[in-house]
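First comes the structure, then the notes that go with it.
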Amino acid sequence: MRLADLIGSVVVDADGAEIGDVGDLWLIQDGPPMGVFGAALRFDKLVIGRFGLASRAGYERPDVKGPVILARLLGRRTKHRPVASWSDIAAIEEGRIRLRLRNGDLERPRSLEQPATGRRWSAGLELLDRQLVDPDGWMAGKVDDLLLEFRDDGPPVVTEILAGPGALARRIGGRLGAWIASVHARLHPGAGDPATISFGIVGKIDDHVTLIVSRKDLATFEAEAWARDHVIAKIPGSSDP
Amino acid sequence: MKKVFEIFLGILTAFGGFVDIGDLVANSETGARFGMRLAWVVVVGVVGIVIFAEMSGRVATMSKRPVFDVIRERLGARLALVNLAASFFINLLTVAAEIGGLALVIELVTGINYLLWVPLVAIAVWIVLWKVRFSIMEKVFGLSGLALIVTALALWRLDPGFVDALASARRFGPTSAESWATYAFFAIALLGAAMTPYEVFFFSSGAVEEQWTRKDLILNRANVYIGFPLGGLLSLAIMGCSAALFLPRGVSVEHLSQVTLPVSATLGKVGLVFMLYGIFAAIFSAALETALSAGYTVAQFFGWQWGKFVRSREAARFHLVILLSLCVAVLIVLSTLDPIAVTEYSIVLSAAALPLTYIPILIVANDPAYMKDKTNSMFLNAIAFGFLVLLVIVSIATIPLMIWTKGGA
């Protein structure tokens with residue numbers, strides 16, 4: 001399941017009433033071990049409410065305060081949003097998520113609070129659209145999407161970062177998204193799917209995502225190598241420091 | 001001592017590099033049509049670019065995230081793509097305007113039609129981008145732009161009378177020959193000329209290119225708080241010259257040669273040489289900045305390696321975008337669209353597109369996850385929020401005003 005498919009899905013409660021859209025996904029780092037990253041990020045809470053500018057501003061976090069008017073306006077729309085745990089979900093259908101609970105029974109935390117152990121992340125705010133950087137500091141694409149794997153013994157786990165136009169296309173959606181996807185498929189016959197980067201090679205997440213593998217060994221490097229080999233490296237002086 | 005020199009050099013570079021073809025055209029035109037009645041907009045615009053550039057430079061220094069990274073993170077893939085399309089298009093128009101402007105300057109000197117110079121100018125710009133190191137490139141052209149100080153000298157010689165000029169500047173509203181709509185339209189043009197988005201794309205990426213750290217924040221402040229306002233004074237001097245020479249005679253500014261006229265009329269040939277040199281350097285530096293910005297915006301949106309701090313072959317797609325953008329810009333100018341008209345449209349549309357770039361920076365400049373202890377002060381936030389309101393109003397008003405006034409005609 002791609003995060004892009006989850007965000008924006010309509011959430012329906014036990015009575016069949018629509019509560020809203022999936023606005024964000026909170027992840028918690030206590031899943032099964034996954035490479036150098038340690039414990040995997042697992043599905044923690046589904047946040048219900050649109051994922052617009054208000055949620056991306058991040059004003060529900062207590063340490064982000066200014067400018068005051070903007071913080072009030074945008075913060076009001078993101079504080080106390082209803083959230084659903086994995087066990088509250090009855091079914092995930094295409095574009096629709098059914099809950100076991102009624103709207104009134106859902107938990108409404110003030111904001112993303114850190115648990116006593118482990119670390120909680122907002123997938124939309126702290127992972128999506130972040131810069132990927134390799135161990136030598138080279139830029140290696142963006143976190144265009146995340147892949148979640150369903151598991152028998154618990155909530156889904158983030159297994160893969162999806163990067164490149166193939167993943168971006170679905171985020172953009174509509175006719176333009178379809179067009180980007182088809183151009184990408186045309187240029188990369190056979191591959192079809194977006195480039196995947198295992199979460200096991202993620203070293204660290206802060207304002208960017210650091211990988212432990214060189215960018216040259218990632219699938220996202222293909223187009224860069226093409227531009228280098230066919231155009232830029234042919235111009236004299238391309239290797240000058 | 002070395003640090004003091006570095007700061008001083010940075011201020012001069014920001015000073016000389018502030019003016020570009022947009023400022024030259026907008027300030028001369030409004031001076032000729034409205035006297036100093038729109039001078040206050042230049043002041044507002046300079047304050048605006050000062051806080052905008054300071055925030056973006058500080059964000060880039062503290063987090064290593066330049067402006068378009070932040071736009072992507074805070075607007076999301078879809079809205080950031082809309083911003084990219086708009087910013088890239090406007091920036092492309094600006095590249096075309098700068099290249100056209102350079103070609104016009106050479107036409108003034110040689111008498112040979114500017115269209116012939118367009119491809120040569122573009123190649124020269126590209127070679128500098130390809131060969132010359134970032135810091136050298138920035139300083140040489142920025143410092144050369146200081147030759148534009150002759151306009152201040154020309155203004156002093158024209159002697160419009162300080163009292164009269166101030167009286168004109170204090171009158172709010174259009175002259176009797178102009179309507180309120182054109183007054184508002186030119187106000188937007190001036191604001192767009194002072195606050196062009198490429199300036200922050202370039203400035204914040206430059207902070208990463210030069211590997212600024214927390215210690216260099218003082219450099220950021222000095223460049224922006226001192227260098228930019230000095231550049232703004234040059235803009236006002238250009239406006240003042242135009243107001244003193246053209247307004248009483250009812251002459252409107254339609255060609256770049258008229259921008260140099262106040263200087264050649266008062267300071268003769270030597271003045272003119274300085275003026276042409278200054279204009280050429282200032283526009284050349286802007287051409288470099290806008291061409292780089294084309295690469296910065298696209299590469300930062302997609303997460304590609306960018307920057308002149310690495311070998312060109314290591315940032316292949318970044319250089320490819322720059323190369324293609326220059327080619328398209330050349331085609332735009334060769335289509336014989338009037339470079340002055342292209343400039344006018346590029347600055348007006350710049351003003352309209354500003355909020356989408358300004359909002360993410362304002363939000364992130366307050367986020368300790370990026371800024372640690374260097375978040376905005378309450379005072380700065382108050383001014384910055386005021387500007388947000390202003391920019392949103394301008395953005396909504398721009399297109400209707402453009403149609404209503406037929407592009408300020």
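The values are calculated or read from the model by the stated rules, or taken from the named source; none is laboratory data. Model, not experiment: these values are computed from the prediction. Positions of Cβ are generated from backbone atoms using ideal geometry, with glycine treated the same way; all protein chains shown enter the neighbour counts.
Take the conditions modelled with pLDDT under 90 and in contact with a Lys or Arg (Cβ under 8 Å, 6 or more places away or on another chain) and apply them to B:GLU178. Does it pass?
Values: modelled with pLDDT under 90: yes; in contact with a Lys or Arg (Cβ under 8 Å, 6 or more places away or on another chain): yes.
Considered against the rule, which asks whether it is modelled with pLDDT under 90 and in contact with a Lys or Arg (Cβ under 8 Å, 6 or more places away or on another chain), B:GLU178 comes out as yes.
Listed residues B:ILE396, B:ILE383; which is under 30 Å from B:PHE186 (Cα atoms), in a helix (DSSP H, G or I) and either without any contact (Cβ under 8 Å) to a residue 40 or more places away in the chain or of a type in the set (Gly, Ala, Ser) (or both)? Please lay out each step first, then the result.
Numbers: B:ILE383 fails: either without any contact (Cβ under 8 Å) to a residue 40 or more places away in the chain or of a type in the set (Gly, Ala, Ser) (or both).
Among B:ILE396, B:ILE383, only B:ILE396 is under 30 Å from B:PHE186 (Cα atoms), in a helix (DSSP H, G or I) and either without any contact (Cβ under 8 Å) to a residue 40 or more places away in the chain or of a type in the set (Gly, Ala, Ser) (or both).
State whether one or more residues within the range A:70-79 are within 14 Å of chain B (Cβ to nearest Cβ), hydroxyl-bearing (Ser, Thr, Tyr) and assigned to a helix (DSSP H, G or I).
yes
Quick one: in the range A:129-148, which of the residues that are out of contact with any helix residue (DSSP H, G or I) (no Cβ under 7 Å at 6 or more places or on another chain) and in contact (Cβ under 8 Å) with a residue 60 or more places away in the chain is farthest from the other protein chains (Cβ to nearest Cβ)?
Kept after step one, since they are out of contact with any helix residue (DSSP H, G or I) (no Cβ under 7 Å at 6 or more places or on another chain), are these residues of the range A:129-148: A:132-133, A:135-137, A:139, A:147.
Imposing the further condition that a residue be in contact (Cβ under 8 Å) with a residue 60 or more places away in the chain reduces the set to A:132-133, A:135-136, A:139, A:147.
Details: A:LEU132: 6, A:VAL133: 9, A:PRO135: 14, A:ASP136: 10, A:MET139: 4, A:LEU147: 16 Å.
Among them, the one singled out is A:LEU147.
Residue pairs, Cβ under 8 Å, 6 or more apart or interchain, first in the range A:156-177 and modelled with pLDDT under 90, second acidic (Asp, Glu) and assigned to a helix (DSSP H, G or I). List them.
That search, which allows pairs on different chains as well, returns A:ARG170/A:ASP5.
Confirm whether A:GLY58 is of a type outside the set (Ser, Thr, Tyr), within 12 Å of chain B (Cβ to nearest Cβ) and at positive phi.
yes
Name the residue that is farthest from A:PHE221 (Cα to Cα), counting only residues in the range A:149-189 that are β-branched (Val, Ile, Thr) and more than 13 Å from chain B (Cβ to nearest Cβ). Break it down stepwise before answering.
If we filter the range A:149-189 for residues that are β-branched (Val, Ile, Thr), which is where we start, we get A:157-159, A:161, A:172, A:180, A:183.
Next, from what is left, pick out any that are more than 13 Å from chain B (Cβ to nearest Cβ): A:157-159, A:183.
On the way: A:VAL157: 26, A:VAL158: 22, A:THR159: 20, A:VAL183: 17 Å.
For the range A:149-189, the residue satisfying everything is A:VAL157.
Could you check how many residues of the range B:339-368 are in a helix (DSSP H, G or I), touching a helix residue (DSSP H, G or I) at 6+ places or on another chain (Cβ under 9 Å) and within 14 Å of another protein chain (Cβ to nearest Cβ)?
10
Please go through the range B:166-183 and give me each residue that is among the aliphatic types (A, V, I, L, M) and crowded, with 20+ Cβ neighbours inside 10 Å, ordered by number.
Our first condition is that a residue be among the aliphatic types (A, V, I, L, M); within the range B:166-183, this holds for B:166-167, B:169, B:177, B:181.
The one that is among the aliphatic types (A, V, I, L, M) and crowded, with 20+ Cβ neighbours inside 10 Å: B:ALA169.
From A:THR220, A:THR196, which residue is surrounded by 19 or more Cβ atoms within 10 Å (Cβ to Cβ), within 12 Å of chain B (Cβ to nearest Cβ), among the hydroxyl-bearing types (Ser, Thr, Tyr) and in contact with a strand residue (DSSP E or B) (Cβ under 9 Å, 6 or more places away or on another chain)?
Values: A:THR196 fails: within 12 Å of chain B (Cβ to nearest Cβ).
One residue alone meets the criteria, A:THR220.
Among the residues of the range B:194-222, write down those that are surrounded by 24 or more Cβ atoms within 10 Å (Cβ to Cβ) and β-branched (Val, Ile, Thr).
If the condition is that a residue be surrounded by 24 or more Cβ atoms within 10 Å (Cβ to Cβ) and β-branched (Val, Ile, Thr), then B:THR196, B:VAL200 are the ones that fit.
Of the residues that make up the range B:75-91, is at least one under 21 Å from the mean Cα position of the chain (by Cα) and β-branched (Val, Ile, Thr)? Full working, then the answer.
Keep residues of the range B:75-91 that are under 21 Å from the mean Cα position of the chain (by Cα), which gives B:83-91.
After this cut, where a residue has to be β-branched (Val, Ile, Thr) as well, the list is B:90.
Yes, the range B:75-91 contains at least one residue that is under 21 Å from the mean Cα position of the chain (by Cα) and β-branched (Val, Ile, Thr).
Residues being under 19 Å from the mean Cα position of the chain (by Cα) and modelled with pLDDT of 90 or more: count how many of those fall in the range A:8-22. Walk me through it before giving the result.
In the first step, residues of the range A:8-22 are kept if they are under 19 Å from the mean Cα position of the chain (by Cα); the result is A:8-11, A:21-22.
In the following step, the residues that additionally are modelled with pLDDT of 90 or more were identified as A:9-11, A:21-22.
Adding up the residues that qualify gives 5.
Look at A:LEU132 and say whether it is touching a Phe, Trp or Tyr at 6+ places or on another chain (Cβ under 6 Å) and either at pLDDT below 90 or not in a helix (DSSP H, G or I) (or both). Full working, then the answer.
Working: touching a Phe, Trp or Tyr at 6+ places or on another chain (Cβ under 6 Å): no; either at pLDDT below 90 or not in a helix (DSSP H, G or I) (or both): yes.
Criteria not met by A:LEU132.
Yes or no: the range B:28-47 includes at least one residue that is within 14 Å of chain A (Cβ to nearest Cβ) and either within 19 Å of the chain's Cα centre (by Cα) or free of Cβ contacts under 8 Å to residues at least 60 places away in the same chain (or both).
No, because not a single residue in the range B:28-47 is within 14 Å of chain A (Cβ to nearest Cβ) and either within 19 Å of the chain's Cα centre (by Cα) or free of Cβ contacts under 8 Å to residues at least 60 places away in the same chain (or both).
With the requirement that a residue be crowded, with 18+ Cβ neighbours inside 10 Å and within 14 Å of another protein chain (Cβ to nearest Cβ), what does the range B:104-127 give you?
B:TRP126
Would you point out which residue out of B:SER335, B:SER325 is surrounded by fewer than 22 Cβ atoms within 10 Å (Cβ to Cβ) and polar (S, T, N, Q)? Talk me through it step by step, then tell me what you get.
Working: B:SER325 fails: surrounded by fewer than 22 Cβ atoms within 10 Å (Cβ to Cβ).
Every option except B:SER335 fails the conditions.
Name the single residue, out of those in the range A:162-219 being part of a loop (DSSP other than H, G, I, E, B) and acidic (Asp, Glu), that is nearest to B:PHE68 (Cα to Cα).
As a first pass, look at the range A:162-219 and keep what is part of a loop (DSSP other than H, G, I, E, B): A:164, A:173, A:188-194, A:206-208, A:212-214, A:218.
Narrowing further to those that are acidic (Asp, Glu): A:193, A:206-207.
Values: A:ASP193: 26, A:ASP206: 18, A:ASP207: 14 Å.
Among those residues, the one meeting the criterion is A:ASP207.
Taking into account only those residues within the range B:66-86 that are surrounded by 22 or more Cβ atoms within 10 Å (Cβ to Cβ) and touching an Asp or Glu at 6+ places or on another chain (Cβ under 7 Å), which is farthest from B:TYR358 (Cα to Cα)?
Result: B:ALA77.
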